């Protein structure tokens, strides 16, 4: 038979619907609090409580100091008692020993009840908060517990309460106490009295979740809801698109004979719902969004950084239907498409087109193009003003006239826009990319001018240079920028140079200076002296030297050995010099700095070649003017080494150094 403690513990678990470890932790915490209160123990003393679920027995363990003579049993324990627990215990140490008082169960039941209840309430609130926080954005069901002027109070799962403010209720909907309603869990806030749960039936996502529940194609991802515009209790518009071929998105949402959409309409208190098919073309999308009205033409205007505007022309009998009651249809269509919609009837659009052709310079070109049609349009409009009937053919002529003018002006604006973009690209091509990374503060402008330019969107040197090339008057038109400021800006840009670009240029020149070499030798015999250069350098810098492909390292070494045999009368120790030559040739090949040459053994003379490197100042001597610096290559016979030596003078990092090796 189970202990009474076990039965009470299990009943508490079932009632509170909390995990076992949370209830156990609350009980242990209550036992520790009861012990501190009963024994007047310090809060600094470490105390633990253990509860046996089978017997219900409570055991208290307290940390005490080991002493020889116990003066305060609450905080001290004798050495003998401590060694029973830990044989290695010593005087002055700390040990955890059992300290359960007599009749502690009865004392704990009286003093720990409030603590247990408080901890369980806190655990309940935390569990409720975590549970409902995971359900934010989902539909929950609750029973109405109270109705007040501020809204509704609903009872939810886990004995939680939700609040539906008056603004989140569907206008005109009537509620009764103990009635079960569904709502969107909008927000969960943590407060001292528990989680504050906000519910809504007026939010557009409530309609989204209802569609997901009623339409399997939406739930499984075959149909996507692109946009929703809603006025709760009155009308809603939903744009849907099919993500799989062969699926009708509108038909899937409406259902057979409208059963799916009617279920949602009943849930929303007979709110009208228009389901339209989303289209990537904004003109077609806007025309469908204005349904059930029939649209003649949609003309988009997206100039500048302002709001996107769409001019919609509808037949005269469709104007009121397109606008809707109190502008509701046009307002919902604008929210659905994110376009500002200007609706005009066909006669009104024709009158506006005629007025623009006569007055606005932008429409002046259409006066010549439509000179044969304008009198006819004026005649039709006069008949309309006099109340005489207008034939369908005349309406067709008027519709075509408006369409030609509106589409023509749009094409004209697009052409101007493309011309401006091309002009901007051409201007930006002459500005280094590094300029767009340099802040405007680095050019030395006064702080006041820099602040004004940054506020206008010119954050880098490249932005300012680009605008000065495109239209300097735009900068001059800024508030606080005058002629004096423009002069200061132009002078600052003229003095400023791009350090990154210059550094990069110098680095490239240095690399070219190290890599490029030109050696010219006069051949005496059939063996021709040809410098081995890369193909690009031979063609660009030394066209007069014959091209010769680089030989592999093995062939170069064999050739060098053959050349050393030709100098047998000069070389004393042939084997040693051949080894030195092979070693130096391998080093030269690894550094890509040196070349091997063929020469006549009887003729060795000094020659000078030009190496590619930019030179900012022209020399005053009689040297030939070129953008290359000279590098000296000298061939000498060294009697100490008994070999011919090539000497090259280089400059790297501002320090002169010489290359020297034997052949």
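The values are calculated or read from the model by the stated rules, or taken from the named source; none is laboratory data. Everything quoted here is computed from the prediction, not taken from an experiment. Cβ atoms come from the backbone with ideal geometry, glycine included; neighbour counts cover every protein chain shown.
Residues that are without any contact (Cβ under 8 Å) to a residue 24 or more places away in the chain, in a loop (DSSP other than H, G, I, E, B) and loosely packed, with under 15 Cβ neighbours inside 10 Å within the stretch 276-301 comprise 280, 281, listed in sequence order. Residues that are in contact with a strand residue (DSSP E or B) (Cβ under 8 Å, 6 or more places away or on another chain) and in a strand (DSSP E or B) do not occur anywhere in the stretch 251-259.
In this structure, does residue 217 turn out to be touching a helix residue (DSSP H, G or I) at 6+ places or on another chain (Cβ under 9 Å), more than 30 Å from residue 119 (Cα to Cα) and not in a strand (DSSP E or B)? Criteria met by residue 217.
Inspect all residues belonging to the stretch 268-275 and state whether any of them is closer than 30 Å to residue 376 by Cα and in a strand (DSSP E or B). No, the stretch 268-275 has no match at all.
Taken together, the residues in the stretch 334-349 that are without any contact (Cβ under 8 Å) to a residue 24 or more places away in the chain and part of a strand (DSSP E or B) amount to 0. Residues that are without any contact (Cβ under 8 Å) to a residue 12 or more places away in the chain, touching a strand residue (DSSP E or B) at 6+ places or on another chain (Cβ under 8 Å) and assigned to a helix (DSSP H, G or I) within the stretch 11-62 comprise just one, 36.
Considering the stretch 10-22, the residues that are out of contact with any helix residue (DSSP H, G or I) (no Cβ under 7 Å at 6 or more places or on another chain) and surrounded by 12 or more Cβ atoms within 10 Å (Cβ to Cβ) include one that is nearest to residue 122 (Cα to Cα), namely 19. Return yes or no: is residue 31 at pLDDT below 85, within 28 Å of residue 130 (Cα to Cα), surrounded by 13 or more Cβ atoms within 10 Å (Cβ to Cβ) and out of contact with any helix residue (DSSP H, G or I) (no Cβ under 7 Å at 6 or more places or on another chain)? No, not satisfied. Residue pairs whose Cβ atoms lie under 8 Å apart, sitting 6 or more positions apart in sequence or on different chains, and linking a residue in the stretch 131-154 that is at positive phi to a partner that is part of a loop (DSSP other than H, G, I, E, B), are 151/169.
Against the list (1) modelled with pLDDT under 95; (2) in contact with a helix residue (DSSP H, G or I) (Cβ under 7 Å, 6 or more places away or on another chain); (3) over 17 Å from residue 269 (Cα atoms), the condition residue 239 fails is (1).
The stretch 359-451 holds helices (runs of 4 or more DSSP H) entirely within its bounds, and those carrying 2 or more residues that are without any contact (Cβ under 8 Å) to a residue 24 or more places away in the chain and out of contact with any helix residue (DSSP H, G or I) (no Cβ under 7 Å at 6 or more places or on another chain) map to 374-386, 392-429.
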